[in-house]
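Step one of this worksheet: look at the structure below.
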Amino acid sequence: MSTEPGGPRPAAGFPEDLVALQQRWTRIFNRLAGAPAAGGDHELRMELLRLSLRLTSHPHWATTEAGWSRKARNELQHHASTAPGGQEQLISLCVDGRIIAVPPGEAASRRGDG
């Protein structure tokens, strides 16, 4: 870990609080994606929006050359999913007219291409 401004950073260069935000975002996203729309998920959707705002406006992005970019977001998602307490983000697919959520490793076989 370094002693850069903004607090300690893990080896991947992401502050622990940013990784924790991403992990919470992924857990809520997976919960919403894995369950059919039911009343009562409004609060989860609002929390997902709040977390999205906190992720995009985190001070860490001002300390990087590229700032907030799709590549940086993908790196954060990967790091957060492999860090302790992390999980992979589910992928939503339309299969036989139904929306399903599957782990990334199952997505290709579920798409019906194979």
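To the nearest 20 Debye, how big is the dipole of segment 68-110 about its Cα centre, given +1 on the beta carbon of each Lys and Arg and -1 on that of each Asp and Glu?
Working: 5 positive and 4 negative charges, 36 e Å.
For segment 68-110, the charge dipole is close to 180 debye.
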Legend entry - Unit charges at the beta carbon, dipole of segment 16-87: most positive-side option, SER57, GLN23, GLY34: GLY34
Inset, instruction - Would you work out the charge dipole size for segment 16-87 about its Cα centre, treating the Cβ of every Lys and Arg as +1 and the Cβ of every Asp and Glu as -1, and quote it to the nearest 20 debye? - result: 160 debye
Legend entry - Label point at MET46 placed 7 Å out along Cα→Cβ; residues across segment 13-28 whose backbone nitrogen lies under 20 Å: 24-28
Inset, instruction - Can you tell me which of 25-34, 80-89, 43-52 comes out highest on packing, and rank the rest after it, using the mean Cβ neighbours within 10 Å? - result: 25-34, 80-89, 43-52
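What is the mean projected area of the alpha carbon convex hull for segment 12-87, to one decimal in square nanometres?
On the way: hull surface 20.7 nm².
Result: a mean projected hull area of 5.2 nm².
FYI, it's all coordinate maths here, none of it is from the lab. It should be emphasised that the depicted structure is a prediction, and the values quoted were computed from it without experimental measurement. We place every Cβ from the backbone using ideal geometry, glycine too, and count neighbours over all the protein chains shown.
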